[in-house]
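Sharing a structure, written as structure tokens. Questions coming.
The values are calculated or read from the model by the stated rules, or taken from the named source; none is laboratory data. In this text, all values refer to a predicted model and were calculated from it rather than measured experimentally. Every residue, glycine among them, receives a Cβ derived from its backbone with ideal geometry; neighbour counts consider all protein chains shown. We work out accessible area using only protein heavy atoms, side chains counted, and drop any ligands, DNA or RNA first. Shrake-Rupley method; radii C 1.70, N 1.55, O 1.52, S 1.80 Å.
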Amino acid sequence: MKQTHSLLKQAFRLTIIVLLPLVFSSYSFSQDSPPVDSSSTEGVIKRIRFSGNSSVKNRTLENLIRTKTNREFLGIPSFTPWYFFWRTSNGRIGEEPSLLDRDVVTNDMDRIRLYYESLGYLGVSVDTTVVEFRRNRIEVSFIINEGEPSRIRSVSYSGFPFQNDPERQRRFFISSPLTGIGIDDSTFQVNRQYNAQELKNEQERILSFLKNNGYASVERDSVIALVRPDQENSLSLDVLFRVHPGKVYRFGDVEISLADTKLPDVYSEERVASGPPYTIDGKVISMRKEPDTDTRFSLLREQILFTPGDIYNEELYLQSVKEYQNLGNLFIRRFGQSETQARPDLTREEIPVFFDLQTLTKHSISTELFGMRRYGYGTGFGVDYTNNNVFGKAERLSIGANASFEFVTSGTLEEIDAPDSVQSSLFQSLELITDYSVPRIAFPFAFLDNRPLFTSGLTRYSLSYSQSDQLYFDINSDIRFNYRFEVRHSDRFLSLFDLLELDIVDTDPSSVFTQSLINEYGQDSFEYARILQDYEPQVSSIIRYTFRSQNTNTIKRNRGYYSEYSISGGGNIPYAIDQLLVTPNTVEGELPSLFGISDNSLTYSRFVKLTADYRRYIPISNSAVFGWRLYGGYAHPYGQSTSIPLNRRFFAGGSNDIRGWAPFQLGPGDLSTEDVTINGGEIKLAAYTETRQIFFRDLLSADWHAAWFIDAGNIWYGPRNDFATADTSSETSGTGLSLEEQLNRGKFKFDTFYKQIPVGTGLGLRLDWEYVVVRFDFAFRAHDLEAGWFNNRKLYFSFGIGHSF
């Protein structure tokens, strides 16, 4: 009897653990905890130790308990500079001492015990010792006896609905990460260590399934996990999920109200949608709005993803709420399943739905005035007009214009080694941008709209035109068109598909630029022809898919990860026009200028391009984070193309890349800036690390971070880049290197590439406000490919907005 009573008591205790959320914010004192003297002992906590915790890391336990030392810089034990500042400044600045509180220590013992029990260590015991190892300096030790972990032998389900659909039941059961080989229709072998969080996840999975299949009244206590130890082996557990689903509900009528900027007493326009395909079983969608909202009734109706009269589905209901939130021309004042109450009336078999909406201001105009400095000083201004509901279905139109002027003096031209023939000049640029988007997936993928994982779609059309004066060449016109689909599959996953990105650039190298190339390389040189080719008028077409996954805050970047992967192909549309229309059955490699607006022909290249970018952010203390990033990119021309367009190549260096080098200064290979005549590369590899530590909180409303970073990486020429138009074995470049030597030193080779990786490192300062991070970095070149390791003592400064990665 005593053994049976003990087993029942343990089963009841396990059931309570399953139902407890794993958030240890507050606890009552446990009677099983070892007694600790409640009198407070004065002393500063300098050390916290854990022993016996072979299954749980110290860092996990440190984050769990409330007993803390003062903040340690970069997690270095006993290195607490903020407490030192407080002590030496008589409390004016810094951090107050972290004093021992024995009541907190007692609660921490309970926290540790409950955490271990949630992992299956049901016989765990926790003790503690408090030692004053030096006057007024305290060491707190938590002594843990883990014991043996319990294991789940089987999982079974009772009370689960859909008895008349056994195949549906079976599919749901076997999709659980807990279930293994079936013992019978509702019992499955498990053989895995007990984990309360896994059981809680299974409970949530059952609740979601029920709510999405009509059982709207289920709550957390509708699914209870009962845990029973085996009578012969108390470490072997059987789990029973007891389900009380309640009754099945259906969607009732839907009421949608859309007000203008002012709420009316009576709405002027009303419409009702009923019958298939909008509703079934006589249910209706009642819509009312004001004329000044300029919104079609069809837009309001199309955001409803469920069918009134159909079986209740909470996922479709919540996704309909998101559909309204994503429109961009209105906001939700209120939504619910009752007209006046927060909760639905579950005494009825039908659940109505109510949306109370209000439009945003339709038209808006913004202007900006900015200063700039490139070669000289300049200024510019811009104006943007936005209409967030063009044709009544939340179509968004944005039209912008930007103009800038930059004056470069003759003294500045001398500093940048401009040719003597270039005198002081006024450079100007103009850009016109039009962006049109609709909050749905349009042609040719409209059939995917509002399907699972495609409910938050956006189609964007962008067109821009720009022209500018440059020091060495003029951009007569740059016309860009982009046709993009954006789909947020979930809070974590995003897809971007550029069906067409077309860029037509018409440039004219200046006579000064051309003459300077002749003077440096010679008119018959390969470099002269190849560099001019990079600045020739070009047409580029891209089709690209990008997948992005993240669970980090994109501003703070203090935990989680960010990743982005893309694949693209370029040049196929110009190639098809060239082969089929311009010169049928003949590939010229160039097209006539669009509409004859220029006398220049347009060259193009065909290529594929792959990129991968992964970033991870690991908290190493409550105020410090370690981040790392890996980047790889590969571009490969094919067909008759042997090079990648200049604006599609990879480059290295800059404040957001390899710090210590200016943008475009690195590579290819171990070539110096003076040795490079063909800029950019087809291959890029890079790795970055950064450790950030907060040393002041809320100073000037910002958190101040100290940072230590290491960046390494480079670019290389690809295997197809062979300077094929030149006799590389004999011709010498203007840098003194033969073209063959330049190619060999800049080309990627598995046996030498690791020797051609420059490394930059240094310290930085981050000012972290709520919505923006300002960054100051001071770097030196740990591995300079020209000077070697640690031979370049020069310090390089860079400034940026946002974290570097």
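Can you pull out every residue in segment 88-144 that is of a type in the set (F, W, Y) and closer than 22 Å to V44 by Cα?
Looking only at segment 88-144, we keep the residues that are of a type in the set (F, W, Y), and these are 115-116, 121, 133, 142.
Within segment 88-144, F133, F142 meet the criteria.
Now for a different question. Would you be able to tell me the number of residues in segment 470-505 that are hydroxyl-bearing (S, T, Y) and either open to solvent by less than 30 Å² (accessible area, probe 1.4 Å) or modelled with pLDDT of 90 or more (or both)?
Counting residues in segment 470-505 that are hydroxyl-bearing (S, T, Y) and either open to solvent by less than 30 Å² (accessible area, probe 1.4 Å) or modelled with pLDDT of 90 or more (or both) gives 3.
Follow-up question, since we're still on this one. Looking at segment 755-804, which of the residues that are assigned to a strand (DSSP E or B), acidic (D, E) and under 30 Å from the mean Cα position of the chain (by Cα) is surrounded by the fewest Cβ atoms within 10 Å (Cβ to Cβ)?
Across segment 755-804, the extreme among qualifying residues is D768.
Let me ask something additional. Do you know which residues across segment 769-785 are touching a residue at least 60 places away in the same chain (Cβ under 8 Å) and within 19 Å of T689 (Cβ to Cβ)?
Matches in segment 769-785: V773, R775, D777, A779, F780, R781, A782, H783.
Shifting gears a bit: Conditions first: (1) out of contact with any Asp or Glu (no Cβ under 8 Å at 6 or more places or on another chain); (2) modelled with pLDDT under 90; (3) open to solvent by less than 80 Å² (accessible area, probe 1.4 Å); (4) closer than 30 Å to Q231 by Cβ. I17 passes all but one, so which condition is the exception?
Result: I17 passes all but (1).
Is it true that G246 is over 37 Å from the mean Cα position of the chain (by Cα), surrounded by 13 or more Cβ atoms within 10 Å (Cβ to Cβ) and assigned to a strand (DSSP E or B)?
So G246 fails the test.
Can you tell me which of T552, T546 is out of contact with any helix residue (DSSP H, G or I) (no Cβ under 6 Å at 6 or more places or on another chain) and over 30 Å from Q693 (Cα atoms)?
Matching residue, one of T552, T546: T546.
Among the residues of segment 308-361 satisfying the criterion of being more than 20 Å from I280 (Cα to Cα) and among the charged types (D, E, K, R), which is least open to solvent (accessible area, probe 1.4 Å)?
In this case the residue turns out to be E323.
If I filter segment 190-206 for residues that are modelled with pLDDT of 95 or more, aliphatic (A, V, I, L, M) and over 30 Å from F50 (Cβ atoms), do I get at least one hit?
Yes, the conditions are met somewhere in segment 190-206.
Please name all residue pairs, on different chains or six or more residues apart, with Cβ atoms under 9 Å, provided the first residue is in segment 203-220 and is closer than 20 Å to F251 by Cβ and the second residue is part of a helix (DSSP H, G or I) and of a type in the set (G, A, S).
Within 9 Å, the pairs are L207/S222; L210/S222; Y215/S222.
Here is a follow-up. Just to be sure I understand the filter: pairs with C-beta atoms under 7 Å, separated by 6 or more residues or on different chains, first member in segment 320-333 and more than 21 Å from T307 (Cβ to Cβ), second member among the basic types (K, R). Which pairs pass?
G328/R396
Anything in segment 684-706 that is at pLDDT 95 or above and of a type in the set (A, V, I, L, M, F, W, C)? List them, or say none.
Result: L685, A686, A687.
Return the residues of segment 66-94 that are surrounded by fewer than 17 Cβ atoms within 10 Å (Cβ to Cβ) and either assigned to a loop (DSSP other than H, G, I, E, B) or small (G, A, S) (or both); say none if nothing qualifies.
If the condition is that a residue be surrounded by fewer than 17 Cβ atoms within 10 Å (Cβ to Cβ) and either assigned to a loop (DSSP other than H, G, I, E, B) or small (G, A, S) (or both), then R66, K68, I76, P77, S78, F79, S89, N90, G91, R92, I93 are the ones that fit.
Sticking with this one: Scan segment 609-624 and report the pairs whose first residue is modelled with pLDDT of 95 or more and outside any strand (DSSP E or B) and whose second residue is among the hydroxyl-bearing types (S, T, Y) and open to solvent by 40 Å² or more (accessible area, probe 1.4 Å), with Cβ atoms within less than 8 Å and a gap of 6+ or a chain change.
Taking only residues 6 or more apart or on different chains, not a single pair turns up.
Among what's in segment 95-110 and is in contact (Cβ under 8 Å) with a residue 60 or more places away in the chain and in contact with a strand residue (DSSP E or B) (Cβ under 7 Å, 6 or more places away or on another chain), pick the residue that is surrounded by the most Cβ atoms within 10 Å (Cβ to Cβ).
M109
Also, quick follow-up: Within segment 252-304, how many residues turn out to be within 36 Å of the chain's Cα centre (by Cα), assigned to a helix (DSSP H, G or I) and of a type outside the set (V, I, T)?
6
Among the numbered criteria (1) within 34 Å of the chain's Cα centre (by Cα); (2) surrounded by fewer than 19 Cβ atoms within 10 Å (Cβ to Cβ); (3) outside any helix (DSSP H, G or I), which one does R49 miss?
Going through (1) within 34 Å of the chain's Cα centre (by Cα); (2) surrounded by fewer than 19 Cβ atoms within 10 Å (Cβ to Cβ); (3) outside any helix (DSSP H, G or I) one by one, R49 breaks only (1).
For Y461, only one of the following conditions fails: (1) aromatic (F, W, Y); (2) modelled with pLDDT under 80; (3) part of a strand (DSSP E or B). What is its number?
(2)
Looking only at segment 252-270, decide whether some residue is out of contact with any strand residue (DSSP E or B) (no Cβ under 7 Å at 6 or more places or on another chain), under 23 Å from L300 (Cα atoms), among the acidic types (D, E) and open to solvent by 30 Å² or more (accessible area, probe 1.4 Å).
yes
Another one. With respect to the numbered conditions (1) out of contact with any helix residue (DSSP H, G or I) (no Cβ under 7 Å at 6 or more places or on another chain); (2) open to solvent by less than 50 Å² (accessible area, probe 1.4 Å), which one is the sole condition not fulfilled by L630?
(2)
Specify the residue that is modelled with the lowest pLDDT; the eligible residues are those in segment 111-139 that are among the hydrophobic types (A, V, I, L, M, F, W, C), open to solvent by 20 Å² or more (accessible area, probe 1.4 Å) and touching a strand residue (DSSP E or B) at 6+ places or on another chain (Cβ under 6 Å). Talk me through it step by step, then tell me what you get.
Applying the first criterion (among the hydrophobic types (A, V, I, L, M, F, W, C)) to segment 111-139 yields 112, 114, 119, 122, 124, 126, 130-131, 133, 138.
This time we only want the ones that are open to solvent by 20 Å² or more (accessible area, probe 1.4 Å), so: 114, 119, 122, 130-131, 133.
Adding the requirement that they be touching a strand residue (DSSP E or B) at 6+ places or on another chain (Cβ under 6 Å) leaves 130-131, 133.
Working: V130: 93, V131: 92, F133: 87.
Among those that are among the hydrophobic types (A, V, I, L, M, F, W, C), open to solvent by 20 Å² or more (accessible area, probe 1.4 Å) and touching a strand residue (DSSP E or B) at 6+ places or on another chain (Cβ under 6 Å), it is F133.
Here's a follow-up. Report yes if some residue within segment 580-596 is part of a strand (DSSP E or B) and β-branched (V, I, T); otherwise report no.
The answer is no; no qualifying residue exists.
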